[in-house]
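Structure, as structure tokens:
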Amino acid sequence: MKYSYFPGCTLKNKAQELDRYGRDAAAALGIELEELPQWQCCGGVYPLSHDEIAIKLSSVRALAAARDDGTALVTLCSACHNVIKQVNHDMQTDDYVITRVNNYLAEDGIAYNGETRVLHYLELLRDEIGFDEIKQKVAMPLKGQKIGAYYGCLLLRPSGVMAMDDPEHPTIMEDLIAALGAQPVVYAQRNECCGGYLTLEDESIPKKRAAAILENARAQGAETIITACPLCYYNLKKHADGTGVEVKYFTELLARALGVKEGE
Amino acid sequence: MQKIGVFVCWCGSNIAATVDVKAVAEAARKVPGVVFSADYQYMCSEAGQGLIKDAIKEHGLTGVVVCSCSPRMHEATFRKAVQAVGLNPYMLEVANIREQCSWVHKDMATATEKAIALMQAAVAKVTLNTPLTAGTTPVTKRALVIGGGIAGMQTALDIADAGYEVDIVEAKPTIGGKMAQLDKTFPTLDCSSCIVTPKMVEVGQHEKIHIYSYSEVTQIKGFVGNFNVTIKRKARYVDEAKCTGCGACTEKCPSRKAPNEFNMGLNNRTAVYIPFAQAVPKVATIDPEYCIKLTKGKCGACAKICEAGAINYEAKDEYIEVEYGAIVAATGFEMIDVSPYDEYAYTQSPDVVTSLEYERLMNAAGPTGGHLLRPSDGKEPKTIVFIQCVGSRESCSSGEMRGKPYCSKVCCMYTAKHAMLTKDHYPDTDIYVFYIDVRTPGKNFDEFYRRAVEQYGVHYIKGAVGKVTPEGGKLKVQASDLILNEQLHIDADMVVLAGAIEPNKSARPLATMLTASMDTNDFFTEAHPKLRPVESPTAGVFLSGMCQGPKDIPETVAQAGAAASKVIGLLAKDHLVGNPCVAHSDEWMCNGCSQCETVCPYGAITYEEKEFRMPDRTTKVRRVAQVNPAVCQGCGACTVTCPSGAMDLNGFSNAEIMAEVDALCR
């Protein structure tokens, strides 16, 4: 199975592990992730003002490229996924945005109307490969490990557009953890905000948020928590010392369980 | 040739001040077919009616047009008047020149012109009218009540006390419904069991009431006065006639892991069980899912201990057919599944409970014997947070509604009740109630709620809980206080969720069987929201209790009585006089397309294969529509749907309506 792949800027810098393990695991699962030959930043944050068009253009370019390639577009970073999926939804439903964006992109010879299917890597695992299939391919089950999923805010919301899982009662990552042979730990703070970009403004906020999340995970018995978001990873990791909880990208555990994590 | 009389009413000055009534009467005389016209101050009065009657006799009128108020007001009056002197009542038409004319116009010239046009239209219609006679059907003098909660019980008792036979069909092994599970009732705090269990006994012992417990309605045929209902009597593996309710089997049963529905699953029961001590009928039931004998073939402990020999492992579901004249839906409600609201951690902690579970935790007959102990560790909670409107009053602006748009109505009051009862037993408890609005309309209701705030010191906070985090034996509640505009953090021992109320799941399939209409929330629709609140638009079907909308116990009992009185009114008749203005199908024009059957809201249309003798003397079997005149309500949906023009409505035929329109457009 072949898919277009949009890594995003952070996966080329701070979050290289998320990217590398994701690619290795995909290869082990027989999935061909072909990085788009040219891609730009997703825009970073989905713009909330309706007439903010320019920020959406780079996402549309990636979406159009995947369409021309005839493949679905796979994302890995929660933030990129959130922006691209929401922009794609606009390009399917919002006549104002469709017209304005296509006016801009006409110069580049691009016309796009939301044809591309956008998949998060987790959806790829669940819906295209299937957790049962992954279970079969696990070479080194993560036996005895107690792992909590950390969803953060961007991966599932707005739920109607993201359409990945129930934002208050998600199971996709827990199901993955179980498929890898570990024991999923459900804790209430798993879908609360990590503090996000406020870390630039006032570090005390993410510090407080991270403490609440990590303590709750620890209290419910988690030894490790996994995330798909580089920013969550940054905020949580920074404040994880002494909490007894390790913070990891989900792709790292996936690669390890599949036996393709280098050095092991 | 018809001889038409036109009678123009002044309605005092209501019509005459704006419409030149003399001009209307004069114009009438020029309309072909009109042989007489008159005007009078009050046509509906004794003298006015006399004027009409005399004119019919004197001029041999074959049709009458009264230009007056809305036909809703006095059509029946005038029909009776013309009938008294031998004219068919359907040879009368009312032209509404008051509500739709004099009341809405100021200028006399235009109002008079419009009144004349309306009169001409009515004359055009009455010229084509034909005499109609209503048919009659007999009434089966037995009522069916579906649901044995407080609504169904009260309806059944009231019908039975009037002397009619009533059957109650209840899906559970016992009647009593949700009210039997409640601890106390608001606003008087009297014990729910103490008032509902005597009612259950009364129902059980009433000679006119028969209870089909552990049973379901599976098919309904027929129509008002003549329903044929199939009832499935689920195999309970215990012979009701032999079982004495001694309970010996329930003590002996080794399968003890079945969730106890009566206690909302907070504890377990045996596979053979009597739901609770006061159950009616007090007979045991075997749960086939948990019975070792029925699942594994071994055991038989209950059969050995039963002295009455009532246990029968070979029992099968039975189906019986019964005839009824009227059917009452009293299927009640349930609380929504609150687990999707996982921000409140219902699935994550046993100490987050629903209000109904809390009710059982407070109840002396409940799993904790009435001691309020939290489910996780059996300790008394010191801090309790109540969250209102879980799934109620949700906005649908985003198009992603999780819950219900409506107010569940009873939650504000029962939460105040829970708070006060808790404070009564455990005065040191800190209680917080988070609300959107506190809604307490009802006799002594607001006083009740204010007592919780003012006397009991319950902390009522207008705001919303954003997150409940179970951690370290506590429930960390994060909330916003909308009045102080502050974030609150409360370490609670228990959280109680007032989940929205929704109709029982059995209501939708029942509505389909009854061809009774429902709203988008699956509550039964009433025939008129104000004037016919306990009747379904489907004739012979009545509504009682929560199945029509959220309501408390006194309202339910009142509605149950009202539904019963409507049933009694129906059963008191030996024959039903139908409405002759019903649809009929021209079988030669019918092309068998079934569109009329699809649009008919009452299920009055069926299709039959019939033999027709064709012009070329061959015989052909054709599929044609048949209207059951006893079920048809004359709405006319089929006549406008029919592509071949085969469907027509008596009294409002296509030709009559077109004649009216032509007259207006002339």
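The numbers here are math on the coordinates, done by the rules we state, and not lab data. In this text, all values refer to a predicted model and were calculated from it rather than measured experimentally. Note that we place each Cβ from the backbone using ideal geometry, even for glycine, and neighbour counts take in every protein chain shown.
Annotation: for a label point projected 7 angstrom from Cα along Cα→Cβ of B:ASP446, residues of segment B:182-205 with backbone N closer than 18 Å are B:187-188. Whole-Hz Karplus values for segment A:96-111 come out as 4, 5, 4, 5, 5, 4, 5, 4, 4, 7, 4, 4, 8, x, 9, 10 Hz, taken residue by residue from phi with 6.51 cos²θ - 1.76 cosθ + 1.60 and θ = phi - 60°; glycine and proline positions read x.
Across chain B, C-alpha contacts under 8 Å between residues 6 or more apart give a mean separation that, scaled by the residue count, equals a relative contact order of 13 percent.
Less than 5 angstrom separates the built amide H of B:LEU132 from those of B:TYR90, all sequence-distant by 5 or more or on a different chain.
Think of it as helices only: each DSSP H run of n ≥ 4 in chain B is worth -39500 (n - 2.57), and spread over all residues that comes to -8000 deg cm²/dmol at 222 nm.
Mind checking the angle between helix B:71-84 and chain B's longest principal axis? C-alpha axes, 0 to 90 degrees, to the nearest 10. So the inclination is approximately 60 degrees. Pairs exceeding a 26 Å alpha-carbon distance, out of A:LYS14/A:LYS208; B:LYS242/B:LYS304; B:LYS172/B:LYS293; B:LYS379/B:LYS462; B:LYS184/B:LYS423; A:LYS237/B:LYS476: B:LYS379/B:LYS462.
Could you work out the local net charge near A:ASP68, counting Lys and Arg as +1, Asp and Glu as -1, over the other residues with Cβ closer than 11 Å to its Cβ?
After counting each charged neighbour, the total is 0.
Shape of segment A:119-158 from the C-alpha gyration tensor: oblate (a/c of 1.5 or more and a/b not above b/c, with a ≥ b ≥ c the square roots of its eigenvalues).
A simple charge model with +1 on the Cβ of Lys and Arg, -1 on the Cβ of Asp and Glu and nothing else charged puts the dipole of segment B:4-128 at about 200 debye relative to its Cα centre.
Here B:LYS57 is the anchor, and the lysines within straight C-alpha reach of less than 18 Å, apart from those fewer than 8 places off in the same chain, are B:LYS3, B:LYS80. Dividing the summed -39500 (n - 2.57) terms of all DSSP H runs of n ≥ 4 by the residue count of chain A sets its mean residue ellipticity at 222 nm at -12500 deg cm²/dmol. Using a simple spin-label model with pseudo-atoms 7 Å out from Cα toward Cβ, B:LYS474 and A:LYS14 lie 3.2 nm apart. Less than 5 angstrom separates the built amide H of A:VAL74 from those of A:SER4, A:TYR5, A:PHE6, A:LEU119, all sequence-distant by 5 or more or on a different chain. For segment A:2-121, a simple Cβ point-charge model (Lys and Arg +1, Asp and Glu -1, everything else neutral) yields a dipole of about 300 debye relative to the Cα centre. Scoring B:600-606, B:614-620, A:85-91 by mean Cβ neighbours within 10 Å over their residues and listing the highest first yields A:85-91, B:600-606, B:614-620.
Put simply, when A:32-40, B:181-189, A:224-232 are sorted by average Cβ atoms within 10 angstrom per residue, most first, you get A:224-232, B:181-189, A:32-40. Decide, for the protein assembly as shown, between rounded, prolate and oblate: order the square roots of the alpha carbon gyration tensor eigenvalues as a ≥ b ≥ c, take rounded if a/c falls under 1.5, and otherwise choose prolate if a/b is larger than b/c, else oblate. Prolate is the answer for the protein assembly as shown, as a/c is 1.5 or above and a/b outweighs b/c. Residue ranges A:239-246, A:163-170 sort as A:163-170, A:239-246 when ordered by packing (mean number of other C-beta atoms within 10 Å per residue, highest first). Taking label positions 7 Å along the Cα-Cβ direction at both B:SER45 and A:ALA139, the computed distance is 10.5 nm, reported to one decimal. Placing unit charges on each Cβ (+1 for Lys and Arg, -1 for Asp and Glu) gives segment B:587-648 a dipole about its Cα centre, and among B:GLY634, B:PHE612, B:ASN591 the Cα reaching farthest toward its positive end belongs to B:PHE612.
Counting, for every residue in B:467-477, the Cβ atoms of other protein chains within 10 Å of its Cβ and taking the mean gives 4. Taking square-rooted eigenvalues a ≥ b ≥ c of the alpha carbon gyration tensor, is segment A:2-121 rounded, prolate or oblate, where a/c under 1.5 means rounded and, failing that, a/b exceeding b/c means prolate? In terms of gyration-tensor shape, prolate.
What is the local net charge at B:THR140, summed over the other residues whose Cβ is closer than 14 Å to its Cβ (Lys, Arg +1; Asp, Glu -1)? Every neighbour counted, the sum reads -1. Which angle from 0 to 90°, rounded to the nearest 10, does the C-alpha axis of helix B:411-425 make with the longest principal axis of chain B? Its long axis makes an angle of about 30 degrees. Segment B:599-644 and segment B:188-220 have Cα centres separated by 43 Å. Only aspartates and glutamates eight or more places from B:LYS610 in sequence, or on another chain, were considered; those with a Cα closer than 20 Å are B:ASP586, B:GLU587, B:GLU597, B:ASP648.
What does the charge count near B:ILE501 come to, summing +1 for each Lys or Arg and -1 for each Asp or Glu among other residues with Cβ under 9 Å from its Cβ? Working shown, then result.
Values: positive: B:LYS404, B:LYS409; negative: B:GLU334, B:GLU502.
Result for the local shell: 0.
Couplings 3J(HN,Hα) of segment B:562-568, computed from phi: 5, 4, 4, 5, 5, 5, 4 Hz, in residue order, whole Hz [Karplus 6.51 cos²θ - 1.76 cosθ + 1.60, θ = phi - 60°; x for Gly and Pro]. Think of chain B as having a plus end and a minus end, set by charges on the Cβ of Lys, Arg, Asp and Glu; of B:MET494, B:PHE386, B:ASN88, B:ASN88 sits farthest toward the positive end of this dipole.
Taking label positions 7 Å along the Cα-Cβ direction at both A:ARG157 and B:CYS246, the computed distance is 6.2 nm, reported to one decimal. Ordering B:TYR460, B:MET264, B:LEU576 by Cα displacement along the dipole of chain B toward the positive end leaves B:LEU576 in first place; charges were set at the Cβ atoms of Lys, Arg (+1) and Asp, Glu (-1).
Would you mind working out the magnitude of the charge dipole of the protein assembly as shown relative to its Cα centre, with +1 at each Lys and Arg C-beta and -1 at each Asp and Glu C-beta, to the nearest 20 Debye?
About 1600 debye.
Gaussian network model of chain A, Cα springs within a sub-10 Å range: biggest mean-square fluctuation belongs to which of A:ILE84, A:ILE205, A:ILE213? Largest GNM mean-square fluctuation: A:ILE205. For segment A:16-30, putting each phi into the Karplus relation 6.51 cos²θ - 1.76 cosθ + 1.60 with θ = phi - 60° gives couplings of 5, 5, 3, 5, 4, 5, x, 5, 4, 5, 4, 4, 5, 8, x Hz, in residue order, rounded to whole numbers and with x for Gly and Pro. Averaged over the residues of peptide A:211-218, the number of Cβ atoms from other protein chains lying within 10 Å of each residue's Cβ is 2. Neighbour counting of Cβ atoms within 10 Å sorts the residues B:THR520, B:THR62, fewest neighbours leading, into B:THR520, B:THR62.
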